[in-house]
Amino acid sequence: QLCHFEVLHLYIQARRMASFTMSASARSMRVSPAVRGTSSRSNRAMPVRRMPVCVKAQECEGATQGKGAMSRREAIVSAPMLASSAATLLANGIQVQEAFAEDAPILSSSNWTQVPLPVDPGVILLDLEFVPDEPGHGFLLGTRQTVLETFNGGKTWEQRFLGQTDDEGVNYRFQSISFSGKEGWIVGKPAILYHTVDGGKTWERIPLSARLPGNPVLITALDNKGGAEMATDEGAIYVTSNAAQTWRAAVEETVSATLNRTVSSGISGASYYTGSFASIHRSSEGDYVGVTSRGNFYMTWEAGQSYWQPHNRNSSRRIQNMGWREDSGLWLISRGGELYFGDGEGVTEEFEQRRIGSRGFGILDVGYKNKDEVWAAGGSGSLFVSYNQGQTWKREKALDNLAANLYTVKFVNQGKQGFVLGNDGVLLRYIGK
């Protein structure tokens with residue numbers, strides 16, 4: 001029999017699955033593809049180590065602990081070289097079956113611990129929120145109509161089915177969730193909207209107009225009863241005050257229409273705009289920042305404005321993501337793992353780079369625990385922390401072998417609870433002080 005690292009090496013690229021349950025001679029393994037940033041080092045080849053072929057299970061255990069052992073990151077990079085040999089698995093009589101992400105090995109550090117989830121390996125986690133009046137009760141969203149629920153602060157999760165979609169044959173992607181008291185909202189794409197008034201015990205699906213510009217990607221529950229603000233990937237923003245019976249447009253036109261009027265205004269890349277945002281974030285004051293799908297430039301909208309305002313990017317590298325700092329200023333991530341902080345509060349086109357040492361791995365999101373403690377997450381399990389408002393950064397080395405891309409950092413309940421959401425059903429829970 002082959003040792004489990006040999007099995008992994010042969011099988012990883014043939015089947016883009018993250019978890020496998022093997023026969024008695026090889027324990028469960030889990031690997032997912034990792035995406036590097038756009039720097040030159042992402043194209044460097046990594047030497048392939050020869051893996052030992054073991055006769056007995058005991059020998060496999062010993063072999064993987066010696067110099068021939070391969071890290072998960074090395075396996076990810078070098079796996080394509082052996083992809084064509086996947087048939088060797090069957091030739092060696094190894095039985096393989098799909099497993100849930102909760103069967104994967106658990107990694108942890110002094111600040112974070114991985115949480116097993118009852119989801120398929122290919123699921124990408126997209127958003128998370130807790131019921132304000134019930135700090136232990138929360139919901140987790142993702143692709144493939146994934147909705148998970150917890151009652152113990154995120155230590156364990158169980159599947160939750162919202163219903164009313166089974167007969168449609170559509171694989172919804174649940175994008176965003178928000179609560180105000182016990183009233184909550186969920187949106188996704190293709191365009192879908194759910195509403196609850198009892199803290200998520202029951203959910204009602206609310207129809208959305210077929211003429212809605214774009215797909216809903218962000219929902220914010222407002223303080224007033226029945227109030228919510230919904231944004232789409234085409235820049236439409238709608239507000240309701242009567243539990244979605246009617247909606248009022250907060251922006252007079254879509255981003256495409258705005259750019260058609262302002263294409264000669266000196267915005268680099270505006271003529272290549274493809275009609276949608278790659279990311280969009282809302283500040284606590286109700287201001288928005290959106291990154292165009294190509295990353296050529298970004299746009300902002302402040303409450304009371306009639307149109308989105310386009311802005312040139314500050315670097316030759318395209319923008320990966322943008323969001324709001326704890327002090328209401330902007331942060332910006334460019335492709336290749338560069339991080340910038342905007343000057344002062346509010347909207348600006350002046351940014352200062354913060355050295356984060358991403359080692360070429362792309363940074364994908366930034367999240368604040370409080371005004372001083374900031375976390376940044378990215379490709380191939382990259383996780384960084386700053387305890388001085390982003391001035392200096394330190395890598396969370398204990399998670400270097402986490403074979404997943406980390407897309408979202410989110411702290412809830414005034415920073416008392418924190419989570420990092422990734423692909424292949426990877427969820428990290430904050431356990432630091």
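Applying the condition of being loosely packed, with under 13 Cβ neighbours inside 10 Å and modelled with pLDDT of 95 or more to the range 237-284 and asking which residue is nearest to THR300 (Cα to Cα) yields ALA249. Evaluating ILE76 against the criteria (1) exposed (fewer than 14 other Cβ atoms within 10 Å of the Cβ); (2) at pLDDT below 95 leaves one unmet condition, (1).
Against the test of being of a type in the set (Gly, Ala, Ser), modelled with pLDDT of 95 or more and under 28 Å from PHE130 (Cβ atoms), the options GLY432, GLY367, GLY342, GLY381 yield a single qualifying residue, GLY367. May I ask you to say which residue of ARG318, ARG355, ARG313 is farther than 23 Å from LEU406 by Cβ and open to solvent by 10 Å² or more (accessible area, probe 1.4 Å)? The match here is ARG313.
Within the option set LEU148, LEU162, LEU218, LEU208, being out of contact with any Lys or Arg (no Cβ under 8 Å at 6 or more places or on another chain) and among the aliphatic types (A, V, I, L, M) holds for one residue only, LEU208. Evaluating SER380 against the criteria (1) open to solvent by less than 50 Å² (accessible area, probe 1.4 Å); (2) closer than 23 Å to PHE139 by Cβ leaves one unmet condition, (2).
Here is the figure for the range 396-433: residues that are basic (Lys, Arg) and buried (at least 17 other Cβ atoms within 10 Å of the Cβ) total 2. Within the range 367-377, can you find the residues that are open to solvent by 10 Å² or more (accessible area, probe 1.4 Å) and either assigned to a loop (DSSP other than H, G, I, E, B) or aliphatic (A, V, I, L, M) (or both)? Across the range 367-377, the qualifying residues are LYS369, ASN370, LYS371, ASP372, GLU373. Taken over the range 321-352, the criterion of being open to solvent by less than 40 Å² (accessible area, probe 1.4 Å) and not in a strand (DSSP E or B) is satisfied by ARG325, SER328, GLY329, GLY336, GLY337, GLY346, THR348.
Of the strands (runs of 3 or more DSSP E) contained entirely in the range 124-200, those carrying at least 1 residues that are in contact (Cβ under 8 Å) with a residue 60 or more places away in the chain, open to solvent by less than 50 Å² (accessible area, probe 1.4 Å) and among the aliphatic types (A, V, I, L, M) fall at 125-130, 138-142.
The values are calculated or read from the model by the stated rules, or taken from the named source; none is laboratory data. Please read all numbers here as calculations on a predicted model, not as lab measurements. We place every Cβ from the backbone using ideal geometry, glycine too, and count neighbours over all the protein chains shown. Heavy atoms of the whole protein, side chains included, go into the accessibility calculation; ligands, DNA and RNA do not. Shrake-Rupley method; radii C 1.70, N 1.55, O 1.52, S 1.80 Å.
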